[in-house]
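The values are calculated or read from the model by the stated rules, or taken from the named source; none is laboratory data. This one's a predicted model, so the numbers in the text were calculated from it and none came from an experiment. For neighbour counting, all protein chains shown are included, and Cβ atoms are generated from backbone atoms with ideal geometry for every residue, glycine included.
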Amino acid sequence: MVAATATRGSAPDRPEGPDFALSDLAGYAQCDLQGDPQRRIRGVASLASAAPDQVAFLANARLRGLLADCRAGAVVLAAADAPACPVDHLIHPSPHSAFARIAALFERHEPRPAGIHPSAVIAPDARIDASAHIGPQVWIGSRSVIGPGCVIGPGCTIGEDCTIGADCRLVARVSLVARVVLGERVLIHPGAVLGADGFGLARDGERWLKVPQLGGVRIGDDCEIGANTTIDRGALEDTVLEEDVRLDNQVQIGHNVRIGAHSALAGCVGVAGSTRIGRHCLLGGAVGVVGHLDICDRVVINGFSMVSSSITEPGVYGSGIPAQEHRRWRRNLVRLHALDDTTRRLLATTRTKDEPDHD
Amino acid sequence: MVAATATRGSAPDRPEGPDFALSDLAGYAQCDLQGDPQRRIRGVASLASAAPDQVAFLANARLRGLLADCRAGAVVLAAADAPACPVDHLIHPSPHSAFARIAALFERHEPRPAGIHPSAVIAPDARIDASAHIGPQVWIGSRSVIGPGCVIGPGCTIGEDCTIGADCRLVARVSLVARVVLGERVLIHPGAVLGADGFGLARDGERWLKVPQLGGVRIGDDCEIGANTTIDRGALEDTVLEEDVRLDNQVQIGHNVRIGAHSALAGCVGVAGSTRIGRHCLLGGAVGVVGHLDICDRVVINGFSMVSSSITEPGVYGSGIPAQEHRRWRRNLVRLHALDDTTRRLLATTRTKDEPDHD
Amino acid sequence: MVAATATRGSAPDRPEGPDFALSDLAGYAQCDLQGDPQRRIRGVASLASAAPDQVAFLANARLRGLLADCRAGAVVLAAADAPACPVDHLIHPSPHSAFARIAALFERHEPRPAGIHPSAVIAPDARIDASAHIGPQVWIGSRSVIGPGCVIGPGCTIGEDCTIGADCRLVARVSLVARVVLGERVLIHPGAVLGADGFGLARDGERWLKVPQLGGVRIGDDCEIGANTTIDRGALEDTVLEEDVRLDNQVQIGHNVRIGAHSALAGCVGVAGSTRIGRHCLLGGAVGVVGHLDICDRVVINGFSMVSSSITEPGVYGSGIPAQEHRRWRRNLVRLHALDDTTRRLLATTRTKDEPDHD
């Protein structure tokens, strides 16, 4: 779910929990408080289930009907929804982002103490910052560098010549194969593989000849990489994600792809080799993008669409087909498979002198 | 492959192998035996390759032609196919399920003795039942509980606050990230990731703000989760699979999804966040379901279809397009991309007084 | 990227680096040299960035415009492009494959010494060739055999009854579950899972009954398996990849599939159970193939297409739909969803005596 807001001045200090006065939450999330400033809040919950010591939010118009029976301590909502809210509320132009800030106060981060677990296997010439946590059964190869504050979770494998910036978190079982460079605060979920060989093949008579993949992968600050997502390393130059790119689970990024800052790709998207995607792009679930294309900034591709030519105008694009009742779809499909023939026939039959054939 | 049968009374005792009299197999699988009850059976095989000491089955009408040359010791089949069968046979209304029961007698389960492998790393406050097997290079985090009879295979990582019911099997390299609860007899194949952060983002000006994912994942009894499948944990409440849900490989389940009992999702299906799928649903390969939908019970979605609105009637739905010869498809595609314009033109040309435009 | 060439006689000896005379590279890659045979070459790079001590290549006509400003030491190109090349060049009918040979001379392979890492856990009855490298945190099960020269990277799990031929490389975190047989020189990238249970289910009343998966997986010589790709083992017989099959990342191969030699499947392809794909086939990204089909040799399926019936003629097939501007696509979609009704109406209106309805 995605919501939009404008940034409202500099962020105030993070209050200390475990529970909070409603006024503290309002101040921290820069909301207008309507209600009891002293109310104690001990958690967050959904609109339907929140109790009087919990904060909920309303950002999706389809859930507006739940407001009347809401028992939350307070609801984060837009000004337009305030009159209908029977409980205390926190008004913000982007309720979702304000709620995200509040919810983060209640997130419990398991401690990951600095140091190297004795079961980890580290190359003698790897450099591990003293403040980093290296978990059980991790392997780190030659010449790799782990920055301050990093958490390298259990079962991760980090190959040769990788550099991980400050405060990155590899949750568990992540593989960086070789020549992968992460910026700061990069978050990678389990099973992701960065820096595997790109799919480079040349024909050699009737056989395949493997094309060496000599490039690397560069990931900008604040990127997030989903579970079981794969990002291949480049053939000659690098595969690049600029800062604040967000990839969901099971996304596949081919070699030499470049994705611009602040773009987000939903689950199961595939981007073939050497394509460039601009900044602030949104790709819906299961979108496929052909190789060697250029997609400009601020393009939205709706889910289940294929992009097979470059896009030079910002806007919304798509080619997904919603499912129909099977028998009806089957009949439409028969017509689609004969569409050119039928259209030609119909155009020929109906053509008039005023309307020449220009198909 | 899927076959249907009615349950026929209570299950008889499992006979002891390694080989069996044909009459024992017939009794165990509740088939009518036509042939030599004393015939020794030492394995199972396909209709085309089965030897005289093996059992085969016929459930797919397209394979009926193989019956004439079949050399199996016995064939499990429906009554209608019995007259054409040249060898002994076991008649059952659902040959596939009867064969599944027989084949299971020949499955060799590698022993996984109770106990914790010395290379496993277990948090001091995790609770491991004495009858569970914890394999090599496993990591188990704080407050997690492993039930009796579980097999946690090599390289699995189980984060904090997970609870695994009796007799679950995590084959190898499975990750449960945090707050994942499994029922009993859940089977999870390698590379699956349960409980990773859902893809929750809010816009914060031109940047992304991560929405904390505070919920968990709950998996019912007898579920099966395929290799490299991902199931994210909920944002506020849990992502839920009810009992006996079957997910194939590389399925992606977004946060807060709920899937009803006895539903099955084929390979590469993606279900976006907060969608509810009913009981006894079947989703074909690579189906994509948009977020925040409700799919009722007993819905079948054919493979390669997109579901982008809720479904309230049981039935079969689809939108997949079978491939055509490329040049023909290209011509149809040109017409499809101009379909509205062409249709408008044709309707305008052909419209008669009797048939007003209501498009 | 794929390029074609004919094999040109037997391969000459591999020259010794780290740097090379241009004439040595020309001889090794069987190119015609036009330029300074003594020029020292120290690496490879792209056409746009190559320096005077690097070799670049031109195989994609869209990059021809970069030739004029190229500063490379030499460019591998086709004879037709030679006149426009301002620097030394190496002429070859397949510049991509000739370049691949040259680039391989500059690939640095991290040493993986023979022997078993002390953190690996190996069943007593597994057989490991003395020349194989078994990396950290590897697990190898009973009766499995690792051939000479193999590299089993960190975190791999190899179950019971697997056999790995000479000179295979499992990069990291690969799982072979059980009964997986690899030929020689098979390369498998991280996160791949071979030999997991096929998705075999029979209906047992209102519940699912699991069908035992008793077969294995057989992979031919020189195959390459991408990151997070899954290949299930067969139900009764084996799932088979013949020699020199190339699978990209996140490909899903169902049980009992057979793929012919020299075929290549791009990222995110799914092939359902029991389908046979011929030799020299190419499947584009995200293609889906339904189960129980036969695809003949030398079939090309364009990306994002569904194949739902057998193909008996070599050629190019497809059903992918390129994305359009959203509002235009929405209007076309409304027409597509009513295509049969509209077509019937139009045909009825326009039908003449000379053209009877045969739809």
Those residues of the stretch C:281-298 which are of a type in the set (Asp, Glu) and not in a loop (DSSP other than H, G, I, E, B), in sequence order: C:Asp294
If we ask which residues in the stretch A:131-159 are over 22 Å from the mean Cα position of the chain (by Cα) and crowded, with 20+ Cβ neighbours inside 10 Å, their number turns out to be 17
Those residues of the stretch A:59-91 which are out of contact with any Pro (no Cβ under 9 Å at 6 or more places or on another chain), within 11 Å of another protein chain (Cβ to nearest Cβ) and in contact (Cβ under 8 Å) with a residue 12 or more places away in the chain, in sequence order: A:Asn60, A:Leu63
Taking the stretch A:301-349 and the residues there that are closer than 18 Å to C:Leu339 by Cα, within 9 Å of chain C (Cβ to nearest Cβ) and of a type in the set (A, V, I, L, M), the one that is surrounded by the fewest Cβ atoms within 10 Å (Cβ to Cβ) would be A:Val334
What do you reckon, is B:Gly73 surrounded by 17 or more Cβ atoms within 10 Å (Cβ to Cβ) and either modelled with pLDDT of 95 or more or closer than 30 Å to B:Asp167 by Cβ (or both)? yes
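Any residue in the stretch A:2-16 that is out of contact with any strand residue (DSSP E or B) (no Cβ under 8 Å at 6 or more places or on another chain) and under 28 Å from B:Gly291 (Cα atoms)?
The answer is yes, given that some residue of the stretch A:2-16 is out of contact with any strand residue (DSSP E or B) (no Cβ under 8 Å at 6 or more places or on another chain) and under 28 Å from B:Gly291 (Cα atoms).
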Condition check: crowded, with 22+ Cβ neighbours inside 10 Å, in contact (Cβ under 8 Å) with a residue 24 or more places away in the chain and in a strand (DSSP E or B). Does B:Leu47 satisfy that? no
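Applying the selection to the stretch C:247-261, what residues are surrounded by 24 or more Cβ atoms within 10 Å (Cβ to Cβ) and within 17 Å of C:Asp222 (Cα to Cα)?
C:Leu247, C:Asp248, C:Asn249, C:Ile259
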Given the conditions (1) under 18 Å from the mean Cα position of the chain (by Cα); (2) more than 7 Å from every other protein chain (Cβ to nearest Cβ); (3) buried (at least 24 other Cβ atoms within 10 Å of the Cβ), report the number of the one that B:Gly288 does not fulfil. (2)
With B:Val186, B:Val193, B:Val171 as the choices, which residue is crowded, with 24+ Cβ neighbours inside 10 Å, without any contact (Cβ under 8 Å) to a residue 24 or more places away in the chain and within 16 Å of the chain's Cα centre (by Cα)? B:Val171
Any residue at all in the stretch C:134-145 that is more than 28 Å from A:Leu209 (Cβ to Cβ), touching a Pro at 6+ places or on another chain (Cβ under 6 Å), assigned to a loop (DSSP other than H, G, I, E, B) and not assigned by TED's automatic domain parsing to the domain that holds C:Val251? yes
Can you tell me which of C:Val180, C:Val186, C:Val171 is closer than 25 Å to B:Arg169 by Cβ and either among the acidic types (Asp, Glu) or in contact with a strand residue (DSSP E or B) (Cβ under 9 Å, 6 or more places away or on another chain) (or both)? C:Val180
Looking only at the stretch C:92-129, filter to residues that are in a loop (DSSP other than H, G, I, E, B), at the interface with chain A (Cβ under 8 Å from one of its Cβ atoms) and without any contact (Cβ under 8 Å) to a residue 12 or more places away in the chain; which one of those is farthest from C:Leu58 (Cα to Cα)? C:Glu110
Only residues that are at the interface with chain C (Cβ under 7 Å from one of its Cβ atoms) and in a loop (DSSP other than H, G, I, E, B): list them for the stretch A:196-248, please. A:Asp197, A:Phe199, A:Gly200, A:Gly205, A:Glu206, A:Val211, A:Pro212, A:Leu214, A:Asn228, A:Leu236, A:Glu237
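For every residue, the table says whether it meets (1) of a type in the set (D, E, K, R); (2) part of a loop (DSSP other than H, G, I, E, B); (3) closer than 18 Å to C:Asp248 by Cα.
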{"site": "C:Ser274", "(1), (2), (3)": "no, yes, no"}
{"site": "C:Arg279", "(1), (2), (3)": "yes, yes, yes"}
{"site": "C:Val300", "(1), (2), (3)": "no, no, yes"}
{"site": "C:Gly303", "(1), (2), (3)": "no, yes, yes"}
{"site": "C:Glu313", "(1), (2), (3)": "yes, yes, no"}
{"site": "C:Arg330", "(1), (2), (3)": "yes, no, no"}
{"site": "C:Leu333", "(1), (2), (3)": "no, no, no"}
{"site": "C:Arg344", "(1), (2), (3)": "yes, no, no"}
Quick check, is B:Gly65 assigned by TED's automatic domain parsing to the domain that holds B:Ala82 and touching a strand residue (DSSP E or B) at 6+ places or on another chain (Cβ under 9 Å)? no
The listed residue being among the hydroxyl-bearing types (Ser, Thr, Tyr) and either within 24 Å of C:Gly141 (Cα to Cα) or touching a His at 6+ places or on another chain (Cβ under 6 Å) (or both), out of B:Ser142, B:Ser119: B:Ser119
C:Gly318: passes all of (1) touching a helix residue (DSSP H, G or I) at 6+ places or on another chain (Cβ under 6 Å); (2) without any contact (Cβ under 8 Å) to a residue 12 or more places away in the chain; (3) within 21 Å of A:Val271 (Cα to Cα) but (2)
Go through the stretch A:204-215 and report how many residues are surrounded by fewer than 21 Cβ atoms within 10 Å (Cβ to Cβ) and modelled with pLDDT under 95. 2
